[in-house]
């Protein structure tokens, strides 16, 4: 066994390493994520508002949001599985970016206009359907981006790659979160609509989001080239790549890969579960929570000017936490080098938990900026550190499928929260949505504790020694 292990390491050391990419190349390969997050931020900040405009109540909001994680759970493993086996003139991952962007843009255009079909189907059901299509399309684009970082960057650049991706996500999310407020308060676009319809500032922001999304994806498609199967084999990254189109290509292989997931992935799954349980609760319930707890509105008040002021302010707040995430993400590689990736993630999640819980004790809308600073630190880490830890534990030929399967640990907690969150808030807390944010804070604390027990391994393909555990 010792000779066999020594032979493997000698063979790996003789292989060409993945080349380091320039700063510009790393940024170009993730510009498309800026567009995806612009659209995703529009969805997060405005979907509950749109559905409430169309007649949904607080209890049922989380049920309509179930469309998003269910489609993600179904689509991402399939996209990951087949993107590992796709070799076209556009490469391995880029066809999925482009396809997903087009359909997401169409959903962004149609969702706020769902009321125009009210004569045939209740608009909130059409809106929920558009939410499903939108999120499915985001998912088609999103996970291949994660896999692309693992495809193109050596282990020592991956934390930087995912942190750059997080920075661009933050920039896109700030723009997507703030745009409804900017259109209404700075440019004078109407922010009030009749009952059963969506204000024009929201509709216009979704049109702009569609254009930004498609443009950013095209930027990445044009500026980023992918390695061919032959090159990947030379780098020792995917020695099986010549056989990918024939070997284990059946759909059942997805289930086999899930059963054989690495230990690190299972451990990170628990961290992700509680992290995304918290995030889903925050996205669904922040608008009604702020409207009720800070602005003093009744749960059924969803069309007044004051409600729309509250909803627009939530967009600004979401922009704040995304902006903080964009800035903090730049420092993550430095912090991780000092205290380790696990400790960095645990610290960030704890800070975010404190921020969420503190919202209960705030009465001034302006003071809500403070907890958003804390949430931004957690969000930056959630978007990068788990993927940086995971990439080194995965077989290179299966980056796509395992990045897609990793999404189970993101979508499952959202489904759990979606099914039970609304009824819990209505029956236990008399529809006071602020308690959903407290539950989210406690969930982040559990995630912070769980990450301490994750095994973080260096990537053996780019090292001169066997796998080593790092802090």
So for each of 32-38, 449-455 I average, over its residues, the number of other beta carbons within 10 Å; can you give me the resulting order with the highest mean first? 32-38, 449-455
Show me, bin by bin at 5 Å from 0, the whole-percent P(r) of segment 355-409 based on Cα pairs. 4, 16, 19, 14, 10, 10, 10, 8, 5, 2, 0
Of all C-alpha pairs within the chain, those more than 38 angstrom apart amount in percent to 21
Residue-averaged [θ]222 nm for the chain, counting only DSSP H segments that reach four residues, each worth -39500 (n - 2.57): -24000 deg cm²/dmol
For residue 429 and residue 330, FRET efficiency with R0 = 56 Å and r from the beta-carbon atoms, rounded to 0.05? 0.90
Distance histogram for segment 31-83 (every C-alpha pair counted, 5 angstrom bins, percent rounded to whole numbers): 4, 16, 18, 22, 19, 11, 7, 3
Subtracting the Cα-Cα distance from 0.36 nm times the residue separation, let me have the gained length for residue 252 to residue 354 in nm, one decimal. 32.5 nm
Starting with the highest mean, order 80-88, 176-184 by the number of other Cβ atoms within 10 Å, averaged over the residues of each peptide. 176-184, 80-88
Shape of segment 104-229, Cα gyration tensor, a/c cut at 1.5: prolate
Provide the three semi-axes, in whole Å and in decreasing order, of the ellipsoid equivalent to segment 170-234 as defined by the square roots of 5 times the Cα gyration tensor eigenvalues. 39, 12, 9
So for 297, 168, 187, 394, fewest C-beta neighbours within 10 Å to most, what's the order? 187, 297, 394, 168
Starting with the fewest neighbours, write out 357, 410 ranked by other beta-carbon atoms found within 10 Å of each beta-carbon. 357, 410
Using the Kirkwood formula on alpha carbons, the hydrodynamic radius of segment 285-335 in angstrom works out to 12.3
If I take R0 = 35 Å and measure r between the Cβ atoms of residue 109 and residue 263 in this structure, what FRET efficiency does the formula 1/(1 + (r/R0)^6) give, to the nearest 0.05? 0.20
Taking 8 Å as the Cα distance limit and 6 or more residues as the minimum spacing, I'd like the relative contact order of the chain as a percentage. 28
Model label zone, residue 125; criterion: amide N under 17 Å from point 7 Å along Cα-to-beta-carbon; scope segment 44-74: 51-52, 54-57, 60-61, 63-67
Neighbour counts of other C-beta atoms within 10 Å: give me 261, 142 arranged from fewest to most. 261, 142
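Every number in this text was worked out from the coordinates using simple rules, so none of it is lab data. Values in this document were obtained by computation on a predicted structure and should not be read as measured data. Quick reminder, even Gly has a Cβ in these numbers, built from the backbone with ideal geometry, and neighbours come from all protein chains shown.
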